[in-house]
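K.L.:
Please see the structure below; I have some questions.
The values are calculated or read from the model by the stated rules, or taken from the named source; none is laboratory data. Being a predicted model, the structure only gives us computed values, none of them experimental. Here the Cβ positions follow ideal geometry from the backbone for every residue, glycine too, while neighbour counts run over all protein chains shown.
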Amino acid sequence: MYRILIVEDDISLARAMKKQIEAWGDEVCLAEDFRDILSVFTRFDPHIVLLDIMLPFYNGYYWCGEIRRISDVPVVFISSAADNMNIIMAMNMGGDDFIPKPVDPDVMTAKIRAVLRRTYDMGSKIPILEHGGAVLNLNDASLTYRDERIDLTKNEFRILQTLLENKGKIVSRDTLMTKLWQTDCYVEENTLTVNINRLRRKLEKAGLGSWIETKVGSGYMIGAGER
């Protein structure tokens, strides 16, 4: 059973989402005080947050930033503004996925289960992946290089894990999309580009700037890196 926090000021929608999720046996908390979402978050300690963008007092981007200061728990944005700019901004702010309004119950369920699956079902994986002196820890989704720990978002971790598991091979964008968003639902390709670029910036800062090589028309692969 997972704990799922819903931050949605449309109470009718929030209750409908709660009913749908509880049918899977999960525990749901509906946020009520939109002035202090962080207190609700810390008390409930959810496995995933469903976060509306347009909220009273502070928007969802603000609260995602506050959550990211203390936790890497998955955040799935919900919004009627499902244009590319809002999707890209949601990913840049640390979101793990995006559900457009009006919310389709089956799409919502598929996305939630996919995020939970890729975040918490990692027991069968080997504990680490190593390349060029850097170690990817599969237990805590961190990368260590030259005694420096590099924290990764869940999407960045999945990208790097997939690339490292296929060292010496080109990994197509479609393969990465499937690994990140394990659902039949359509996902905007720009979200993958945003996550790749964000991961590259972190690697470059750590001295691994040339790790992810772009193979035009084919995909990506792990390169030698800077060492």
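K.L.:
May I ask you to list the residues in the stretch 141-155 that are exposed (fewer than 13 other Cβ atoms within 10 Å of the Cβ) and under 26 Å from ILE88 (Cα atoms)?
P.N.:
Selection gives ASP151 alone.
K.L.:
Taking interchain pairs and intrachain pairs at least six residues apart, which have beta carbon atoms under 8 angstrom, with the first residue in the stretch 144-155 and without any contact (Cβ under 8 Å) to a residue 60 or more places away in the chain and the second in a loop (DSSP other than H, G, I, E, B) and not charged (D, E, K, R)?
P.N.:
GLU148/ALA206; ILE150/ALA206; LEU152/ALA141
K.L.:
Look at the stretch 156-170 and say how many of its residues are over 11 Å from LEU136 (Cα atoms) and surrounded by 21 or more Cβ atoms within 10 Å (Cβ to Cβ).
P.N.:
Count: 3.
K.L.:
Test GLY223 against the criterion of being surrounded by fewer than 20 Cβ atoms within 10 Å (Cβ to Cβ) and either modelled with pLDDT under 80 or of a type in the set (Lys, Arg) (or both), and give yes or no. I'd like the intermediate steps shown before the answer.
P.N.:
On the way: surrounded by fewer than 20 Cβ atoms within 10 Å (Cβ to Cβ): yes; either modelled with pLDDT under 80 or of a type in the set (Lys, Arg) (or both): yes.
Yes, satisfied.
K.L.:
Within the stretch 169-201, track down each residue that is at pLDDT 90 or above and within 16 Å of LEU152 (Cα to Cα). Walk me through how you get there before you give the answer.
P.N.:
Of all residues in the stretch 169-201, those at pLDDT 90 or above come to 170-172, 196-201.
Correct list: ILE196, ASN197, ARG198, LEU199, ARG200, ARG201.
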